Amino acid sequence: MSFQPEAIRAFEHAGWQRAASSYGNSFAPATAQFIAPLLEAAEISSGQHVLDVACGPGDLAAAAAARGATAQGLDFSAEMVGIARSIHPDIVVTEGDAEDLPYPDGTFHAVVSSFGIHHVPRPELALAECKRVLKPSARIAFTVWATPEENIAWSLVFDAIARHGNRSAAQAPPPGGALNRIDECVRVLEAAGFVDRSAEIVRSEWVLRDGRALLAALSAGTARMAALIRAQEPSALAAIASDIDSQAERFRRDQNLAIPIAAVLARGRKAVD
């Protein structure tokens, strides 16, 4: 399938409009665990002006504000923007395009993005826009999900669907950038013109009741994974959930599963002109 940025944008936009209302109670507990290391990587401190790109419900921007920064958020989903404004009324949240940021050059001391850069059609363009709105020597940091080999919650779902369902059923357009490895994240930062580039794997656990809870959280709070799960035959979902339970039993802790999850945390700096 040829690269179709508008098809990617339309797919992602529809998915996040749908997921917005349920994101906080479904997928946010997974992403929230990476907020602190992301802010550390961007060296967020009091007095800075910080932009959260693809901000979703605004939790990362709020965490930056809690450190004394003046934080703003931007998201292309009007539903997400409305939720962010409702939850965090003190933070300015704008509906807009990560590939065409509505801010003047050199506005921010830092730009951060929590699991958003890999959803835009052209990550290199979005990162170049981030560099444009940064002040000289300012930092960017973003997280993306690591490969399923590292990110066990994802591999449990993909493997169960491969055994009991159809991995290609979603018919979603391919993502604009394969950003789930360290080298890929460093490469896209280099392509956007950042210096002092680095990336690392950051690990955590996602505590869920069972396989059905994992499927429900991904169905309610994501775009691509939700499309894949929804595309499965209803009769296959019980077998998929049982397969996840069987494979995840080694992660059981009391009444729950503590499933390993992993992100790539990437960072760079805008050179001094």
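The values are calculated or read from the model by the stated rules, or taken from the named source; none is laboratory data. Quick caveat, the model's predicted, so the values are computed rather than measured. FYI the Cβ positions are ideal-geometry reconstructions off the backbone, even for glycines, and counts take in every protein chain you see.
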Quiz item: What single numbered condition from (1) under 28 Å from LEU215 (Cα atoms); (2) out of contact with any Leu (no Cβ under 7 Å at 6 or more places or on another chain); (3) modelled with pLDDT of 95 or more; (4) part of a loop (DSSP other than H, G, I, E, B) fails to hold for MET1?
Solution: (3)
Quiz item: Residue check, ILE229 against (1) closer than 30 Å to GLU6 by Cα; (2) out of contact with any Pro (no Cβ under 9 Å at 6 or more places or on another chain); (3) not in a helix (DSSP H, G or I), all met but one. Which one?
Solution: (3)
Practice problem: Go through region 1-58 and give me each residue that's charged (D, E, K, R) and without any contact (Cβ under 8 Å) to a residue 60 or more places away in the chain. | Solution: GLU40
Self-check item: Selection status of PHE158, within 23 Å of the chain's Cα centre (by Cα) and aromatic (Phe, Trp, Tyr)
Solution: yes
Practice problem: Answer yes or no: is there a residue in region 68-91 that is closer than 27 Å to GLY211 by Cβ, of a type in the set (Asp, Glu), touching a Ser or Thr at 6+ places or on another chain (Cβ under 9 Å) and surrounded by fewer than 23 Cβ atoms within 10 Å (Cβ to Cβ). | Solution: no
Quiz item: Do the conditions hold for ALA172, that is, is it assigned to a helix (DSSP H, G or I), surrounded by fewer than 22 Cβ atoms within 10 Å (Cβ to Cβ) and touching a residue at least 24 places away in the same chain (Cβ under 8 Å)?
Solution: no
Quiz prompt | Residue match in region 72-91 (condition: farther than 25 Å from ALA220 by Cβ and over 18 Å from the mean Cα position of the chain (by Cα)) | solution = yes
Self-check item: Residue list for region 214-248, restricted to those being over 30 Å from ALA10 (Cβ atoms), among the polar types (S, T, N, Q) and in contact (Cβ under 8 Å) with a residue 40 or more places away in the chain
Solution: GLN247
Quiz item: List, please: which pairs have Cβ atoms under 9 Å, are six or more places apart or on different chains, and start with a residue in region 109-136 that is at positive phi and end with one that is polar (S, T, N, Q) and modelled with pLDDT of 95 or more?
Solution: PHE115/THR31; PHE115/THR143
